[in-house]
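To start, the structure itself, in structure tokens.
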Amino acid sequence: MTAELARRAAASREPAGGGDWRVVPMLLPYLWEYKWRVVIALLFLVAAKLANVGVPLVLKDIVDSLDSRQAALVLPLALLVAYGALRLAAALFAELRDLVFVPVTQRATRRIALAVFRHLHALSLRFHLDRQTGGMSRDIERGTRGISTLLSFMLFSIIPVALEFMLIAAVLFAKFDWRFVAITIAAVVVYIAFTVGITEWRTAIRKKANELDSRANTRAVDSLLNYETVKYFNNEEYEAGRYDDSLQRYEVMAVRNEASLGLLNVGQAAIIAVAATLLLILCAQGVVERELSLGDLVLVNGLLIQLYIPLNFLGMAYREIKQAMIDMERMFGLLEQHREVDDVPDARDLPEGPAAVRFENVDFGYDPRRQILHGMDFEIPPAAKVAVVGASGAGKSTLARLLYRFYDVSGGAIRISGVDIRQLRQASLRGVIAIVPQDTVLFNDTIYYNIGYGRPSATREEVIAAARAAHIHDFISGLPDGYGAMVGERGLKLSGGEKQRVAIARAILKNPRIMIFDEATSALDSRTEQAIQKELNAVAQGRTTLVIAHRLSTVMDADEILVLDRGRIVERGRHAGLLAQGGVYAQMWALQQQEKRERARRGPDAVSPAAKR
């Protein structure tokens, strides 16, 4: 469904200047899906409007029957009952119309919101690295709200007013002369032209206000997510100033928007007042000349009320529709984002059995102008452990991103069990890989949820077993809330070592065939690193393992060690052999051993603030 929506979004794209109306065709399939509900709602709509227009017609007959100059003073009981019945019918059919159509609106909102959510998860990592989450979440929130607004106002404001206008014009033409019809049509045309013109002008103001609102929300969310960093640098007032600057810009546009709304309302009221006055003058003149009755005067007044009240509402409806389309345009713009990495039409699942990973002369660069990897060629046999080491920026973590197929290689191929990963379904590929990253970011939920995220279908016993294997069960059991303890935003309530153990438990629960350790212990102190390293070695047993490391002491037991420098493999071999070569690896080892001796001379490792928590 997500792909279909994206296709419709691309198909409905108009040239510059096409306006915001291009989002309307994207909603039609949802109306067609519930076509019988829409038809029934429209029938109720017609019935409500017929009853509405019938009210002043019956009221005219009531007034005329009570006019001593035209009839005897007899209580028109039947007409009074008919009047009340029409009033009730108009309200009843309107409520039935809304009741029938509500599921259509809600389902469309749900389906499109879900499609956008799925599409965002299907987009490449590059898109999300460039995107500001706070502003995007506000765009989605406004867009989904706009769907309900657009469907409701289009069906229950625009169509009803048009229908009522035609019925009233027909009544005026049948009962009065052409002047009544001409004034009514002229007033409606001028009213609509004025409303559309002013609203189009206001649209640009509203768009700018939306951009500023999203920018303010982005700054607020970004600041709150980085709460500790703000505190570290004592920048609370600086952040407040940046946020207030965004709010101040939004305030200016919001005031301008309200001022333009006042102008619109006054203009609409003036058009209605002039037209109503002219019609009543014509009608009063006819009564004086005895060409019309008092009932006719009441009829004209009633018809004006029937028309101009919803017509006044039409102005608001048009504004809301335009606003909804502006909001939806930003949300549908997310659907139009191209999937950089997509499954090929005949993509298949990874075959069962032991997994061998092969990088065949892989070239890659995040930007075509700057290549990161050059001719990367190595293999990880089934159940073997291959380590990749090198200086920061050498391209080590890029290997993990490419293996997960967050990006496609620009040259060469990555194969698992002989199959190019570009020929595999992404869900199947990522289903056999688990990673313990350097920076473990947890969901703001319970410890149980974060471990269980590795395999949401796992039983509680399996989650606890994974926690035991990661040597974190005893710590969790000692917490007041146990597995129900909240970890806080991004897991900030846990220390670095505790978060790493949760990540290990999560990876164990997934039970992958391929394991990636991406500098999983580089942010920890030596004591915690040694404890967790044993758990990582146990997890790697029997699995095809890629270890990305900075500290060479953690990869001494690897079956093969690759030394990267500026995206190229400059050395390869086992630990002892690389030391004997006396090359880059040996220099890195000597430097790290020297740092270790210096730390030993200074005393025991200091406990990090995170570990004290």
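Listed values, structure above:
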item: With Cα atoms, 0 to 90° folded angle of helix 35-65 axis to the chain main axis; result: 30 degrees
item: Unsatisfied cross-links (Cα-Cα over 29 Å) in the set K35/K175; K385/K596; K510/K534; K231/K396; result: K35/K175; K231/K396
item: Average projected area [Cα convex hull, the range 558-597], square nanometres; result: 3.0 nm²
item: Aspartates and glutamates with Cα under 12 Å of K499, excluding same-chain neighbours fewer than 8 positions away; result: D439
item: For the range 458-468, Karplus couplings with θ = phi - 60° (6.51, -1.76, 1.60), whole Hz, Gly/Pro x; result: 5, 7, 4, 4, 5, 5, 5, 4, 5, 5, 5
item: Peptides 53-59, 106-112 ordered by average Cβ neighbours within 10 Å, highest first; result: 53-59, 106-112
item: Total formal charge among the other residues, if their Cβ is under 12 angstrom from that of F176, Lys/Arg +1 and Asp/Glu -1; result: 0
item: Residue (of I421, H575, H471) at the positive-pole extreme of the chain, dipole from beta-carbon charges; result: H575
item: Nearest 10 degrees, 0 to 90: helix 133-153 Cα axis against the chain principal axis; result: 30 degrees
item: Solvent-accessible area of H471 with every protein chain in place, 1.4 Å probe, in Å² to the nearest 10; result: 120 Å²
item: Crossing angle, helix 178-225 versus the chain [Cα axis fit, 0-90 degrees, rounded to tens]; result: 20 degrees
item: Nearest-10 value in Å² for the accessible area of Y227, using the 1.4 Å probe; result: 130 Å²
item: Sequence of S495, S148 from largest to smallest accessible area, 1.4 Å probe; result: S148, S495
item: Per-residue [θ]222 nm for the chain (sum of -39500 (n - 2.57) over DSSP H runs n ≥ 4, rounded to 500); result: -21500 deg cm²/dmol
item: Label-to-label distance, nm, for residues given as K596 and Y243 (7 Å Cα→Cβ offset); result: 4.6 nm
item: Long-range HN-HN contacts of E519 with modeled amide H, under 5 Å; result: I548, A549
item: Estimated FRET transfer efficiency when R0 is 60 angstrom, pair L224-A170 (beta carbons, to 0.05); result: 0.50
item: Amide H partners (placed H, <5 Å) of S410, local residues excluded; result: D363, F364, G365
item: By accessible area with a 1.4 Å probe, ligands and nucleic acids excluded, highest first: order of K322, K596; result: K596, K322
item: Amide H partners (placed H, <5 Å) of I561, local residues excluded; result: A387, G573, R574
item: Antiparallel DSSP beta bridges within the chain, percent to nearest 5; result: 50 percent
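The values are calculated or read from the model by the stated rules, or taken from the named source; none is laboratory data. From a predicted model like this one, the values you see are computed outputs, not experimental measurements. Reconstructed Cβ throughout: ideal geometry from the backbone, glycine too, with neighbour counts over all protein chains shown. Ligands, DNA and RNA are stripped out before the accessible areas are found, and what is left, the full protein with its side chains, is counted by its heavy atoms. Shrake-Rupley method; radii C 1.70, N 1.55, O 1.52, S 1.80 Å.
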